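Participant: Following this message is one structure expressed as C-alpha cells.
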Amino acid sequence: MDSIKKGKDLIVGIDPGSRILGIAMFDKKDLVASYAIRTVEMEWDKRLLEIEQVIKELIFRYGIKKAFIENYAFGSKFGLPKSGEVGWAIRRIFHQFNIPILLITPITARCFLLGHLGKKSEVRLGVYKRFNKTAGEDEADAIALGSVGQHLFFSIPGKNKYEKNILKRIKKAHEKVKKEISEQKKKGDKHDLS
C-alpha cells in the first residue's frame, strides 16, 4: 500500500464490523487496495480506539475524498449495539475532517456487485470474478461497497440493468435528502443535518 500516492482521488468502502473491519480503496479506474483488520482479540474500548486510528490513517495517509459505509444490517440483536458504536465511531471521524459519507445497505452493494439479488455467501466469489481478488467476507463486503462508491463518485455509468438501476435509486435518494436539508436550513432549523 505504500505505492498509493496521496493526492490521487481515492474513495473508500468500509464494512464496519465490531470484530473485523473491511476496507477497500478505489481510484477512478481500479481497486487500489483492500484488506481486513481483526480487532476481536482486543478489549472493547481498545477495539474502538484501533478502528478510529485506522480511519484517521486512511484520511491522513491517502487523502480519502469520500467514504461509502455499510449501513446497519439488523442481523443479530446482540451485535447491534456494538455495530452501532463502531459505525458511529467511523462516521464521527469522517465528519470531524469534513469528508462526506454515504451509507449503503448490504443488499444494495451485493446486488450491484453480483448483478442480481444474490446471497451474502456469493459476494466473495463475485469479488474474485470481478476483481480477480481473493478476499474474506468483510473485505469482500468492503470491496462491494467501494465498487458502488467508485461508480457514484467518479460518475462511471452502470454496465448492466442492476447497476444502472441501483445508481439511479441512490442518486435520487441522495438528492431528496439534500433537498430536505436545504429546506430545513431555509426554515432556520439550527440542527446541522449535513
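Participant: Any aspartates and glutamates with Cα under 13 Å of the LYS29 Cα? List them, leaving off those in the same chain fewer than 8 positions away.
Facilitator: Leaving aside aspartates and glutamates fewer than 8 places away in the same chain, those within reach of LYS29 are ASP9.
Participant: Taking a probe of 1.4 Å, how large is the accessible area per residue of the chain, in Å²?
Facilitator: Per residue, the chain has 58 Å² of solvent-accessible surface.
Participant: When you count, for each residue, the other Cβ atoms within 10 Å and take the mean per peptide, how do 156-169, 131-144, 13-26, 113-126 rank with the highest first?
Facilitator: Details: 156-169: 13.4, 131-144: 21.6, 13-26: 24.5, 113-126: 15.4.
Final packing ranking: 13-26, 131-144, 113-126, 156-169.
Participant: Quick one: if you stick a label point 7 Å off each Cα along the C-beta vector at SER155 and GLU180, how many nm between them?
Facilitator: Once both label points are built, they end up 2.6 nm from each other.
Participant: Which whole DSSP H helices in the chain pass both tests: a Cα extent of 15 Å or more along the axis and a mean Kyte-Doolittle value no lower than -1.0?
Facilitator: Taking the DSSP H segments of the chain (at least 15 Å long, mean hydropathy at least -1.0), we get 44-62, 80-96, 137-153.
Participant: Carbon and sulfur together cover what percent of the accessible area of segment 50-164 at a 1.4 Å probe radius?
Facilitator: Values: 3170 of 5870 Å².
Reported share for carbon and sulfur atoms: 54 percent.
Participant: Sticking with this one: Mind running the shape call on the chain? Use the C-alpha gyration tensor, a ≥ b ≥ c as the square roots of the eigenvalues: rounded below 1.5 for a/c, prolate if a/b tops b/c, oblate otherwise. Present the calculation step by step, with values, prior to reporting the outcome.
Facilitator: Details: a/c = 1.30, a/b = 1.06, b/c = 1.23.
Here the chain falls in the rounded category.
Participant: Of LYS8/LYS133; LYS66/LYS133; LYS133/LYS176; LYS28/LYS176, which pairs sit farther than 28 Å apart, going by alpha carbon to alpha carbon?
Facilitator: LYS133/LYS176
Participant: Let me ask something else. Towards the positive end of the charge dipole of the chain, with charges on Cβ (+1 Lys, Arg; -1 Asp, Glu), say which of ALA36, GLN184, ILE93 has the farthest Cα.
Facilitator: Going by the Cα projections, it comes out as GLN184.
Participant: Straight-line reach from LYS46: which aspartates and glutamates have a Cα under 15 Å away, not including same-chain ones fewer than 8 places off?
Facilitator: Result set, ordered by chain and number: GLU85.
The values are calculated or read from the model by the stated rules, or taken from the named source; none is laboratory data. Bear in mind that the values here come from a model prediction, so they are computed numbers and not experimental data. Here Cβ is always computed from backbone atoms with ideal geometry, including for glycine, and neighbour counts include all displayed protein chains. Calculation scope for accessible area: heavy atoms of the full protein, side chains included, ligands and nucleic acids excluded. Shrake-Rupley method; radii C 1.70, N 1.55, O 1.52, S 1.80 Å.
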